[in-house]
Amino acid sequence: AKQCARTPTWATPNSTAAGAAGHDRQGGQLLEAAIAAGRALLCYSFSPVQTVDARKPTRATITGTEIRPASLSYQLTAGGKRTQVIRVAGATYFRVLPSKWSKAKKPLAGVDPGASLLRLLGSVTQPAVDPSDAAGLTVRGTIAAASVVKAGLPAGSKDPQVTLTLDRLNNVVVVNVTTTVNRAGVKPIQVVLRTTYGKLNAVATIKAPL
């Protein structure tokens, strides 16, 4: 069963004027179109993969689906553990595999992929169409130092480079972010975040496990 018929009622972050003031006019227009499409999207799958290149490289992966405004299901794989979370109808359920499901005493905010994407898009500056993309659907940009935390990146991120891949309807289907995190007394760490989006407006109903 599919459940993507209700218009989102949640508040989404407003876009900055970054697109209009961008590096080239077409890139700015595509960025603004991607923000508008993101606000209108009702449901989708998402899969971010974060790789941290430190002394011991680490990787964290999330795979899940969201139906706006309040249904979410995902699995986090990190540190050798797999954690599953389902949020639906004001309740949150969770488990660390292979344990059984538990219900949180209070709903947990947790992951909010739709809002996170919109915050990142609204923080992109100097957007420009990638000339190597013949379809003209790849936009490159950066994020100012003052906006890295708002964009959901680690504090201390230096010159984050963002690459967005859009489909023909201006939906973002791939986001790549590469940055170096500089903190006092710590060797600079490279962080790469790649997120893919799919099943646009075609996600199965998310049900409570208990």
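Report in % the part of the accessible area of the chain that belongs to carbon and sulfur, leaving out ligands and nucleic acids; probe 1.4 Å. Working shown, then result.
Working: 6320 of 11480 Å².
Result for the chain: 55 percent of the exposed heavy-atom area is carbon or sulfur.
Would you kindly derive the ³J(HN,Hα) couplings of the stretch 178-187 from the backbone phi angles with the Karplus curve 6.51 cos²θ - 1.76 cosθ + 1.60 (θ = phi - 60°), listing them in order in whole Hz, with x for Gly and Pro?
So the Karplus estimates, Gly and Pro as x, are 10, 8, 10, 9, 10, 9, 4, x, 10, 4 Hz.
Quick one: grab Rg to one decimal and Dmax as a whole number for the stretch 135-203, Cα atoms only, in Å.
Spelled out, the Cα radius of gyration and Dmax of the stretch 135-203 are 14.3, 47 Å.
Any lysines with Cα under 20 Å of the LYS100 Cα? List them, leaving off those in the same chain fewer than 8 positions away.
Partners found: LYS81, LYS207.
Running Debye on the chain with equal point scatterers at the Cα sites and no solvent, what base-10 log of I(q)/I(0) appears at q = 0.08, 0.14 Å⁻¹?
-0.30, -0.90
Among the trypsin sites (Lys or Arg not before Pro) in the stretch 102-210, which ones are in a DSSP loop with at most 11 other Cβ atoms within 10 Å of the Cβ? Mind listing them? Numbers along the way, then the final one.
On the way: sites: LYS103, LYS105, ARG119, ARG140, LYS150, LYS158, ARG168, ARG183, ARG194, LYS199, LYS207; in loops: LYS105, LYS150, ARG168, LYS199, LYS207.
Hits after loop and neighbour filter: LYS105, ARG168.
If we count every other residue with Cβ under 13 angstrom of VAL139's Cβ, Lys/Arg +1 and Asp/Glu -1, where does the sum land?
Values: positive: ARG25, ARG140; negative: ASP24, GLU32, ASP130, ASP133, ASP167.
Around VAL139, the surrounding residues sum to -3.
Write down, largest first, the equivalent ellipsoid semi-axes of the stretch 81-174 in whole Å, where each equals the square root of 5 times an eigenvalue of the alpha-carbon gyration tensor. If you can, show how the numbers build up before the last one.
Values: eigenvalues 229, 59, 29 Å².
For the stretch 81-174, the semi-axes come out at 34, 17, 12 Å.
Residues of the stretch 135-160 with amide nitrogen under 11 Å from the 7 Å Cα-to-Cβ point of ASP24?
136-140
Pairs of Cα atoms under 8 Å, at least six residues apart: use those to get the relative contact order of the chain, whole percent. Don't skip to the end; give the middle numbers.
Working: 485 pairs, mean separation 53.8, N = 210.
Relative contact order for the chain comes out at 26 percent.
Taking every pair of alpha-carbon atoms in the stretch 50-118, give the share separated by more than 18 Å as a whole percent. The partial results should precede the final answer.
Working: 1039 of 2346 pairs.
Here the long-distance tail beyond 18 Å is 44 percent of all Cα pairs in the stretch 50-118.
For VAL96 and ASP112, compute 0.36 nm times the residue count separating them, minus their Cα-Cα distance, and round to one decimal in nm. Walk me through the intermediate numbers first.
Details: separation 16, 0.36 × 16 = 5.76 nm, distance 1.97 nm.
Roughly 3.8 nm would be gained on extension.
Place +1 on the Cβ of every Lys and Arg and -1 on the Cβ of every Asp and Glu in the chain, take the dipole about the Cα centre, and give the residue among GLY28, GLY38, ALA91 whose Cα lies farthest towards its positive end.
ALA91
What distance in nm separates the two pseudo spin-label positions at THR163 and GLN190, each 7 Å out from Cα along the beta-carbon direction?
1.3
Could you do me a favour and compute the accessible area per residue for the stretch 40-120, 1.4 Å probe, result in Å²?
Working: 4450 Å² over 81 residues.
Counting only protein heavy atoms, the per-residue value for the stretch 40-120 is 55 Å².
Mind jotting down the three principal axis lengths of the stretch 80-120 based on Cα atoms? Whole angstrom, largest first.
Each principal axis gives a Cα extent; for the stretch 80-120 these are 34, 28, 12 Å.
The values are calculated or read from the model by the stated rules, or taken from the named source; none is laboratory data. Computed from a predicted model, the values in this text were never measured in an experiment. So basically every Cβ, Gly included, is an ideal-geometry build from the backbone, and we count neighbours across all protein chains shown. Surface accessibility is based on the protein's heavy atoms, side chains included, excluding ligands, DNA and RNA. Shrake-Rupley method; radii C 1.70, N 1.55, O 1.52, S 1.80 Å.
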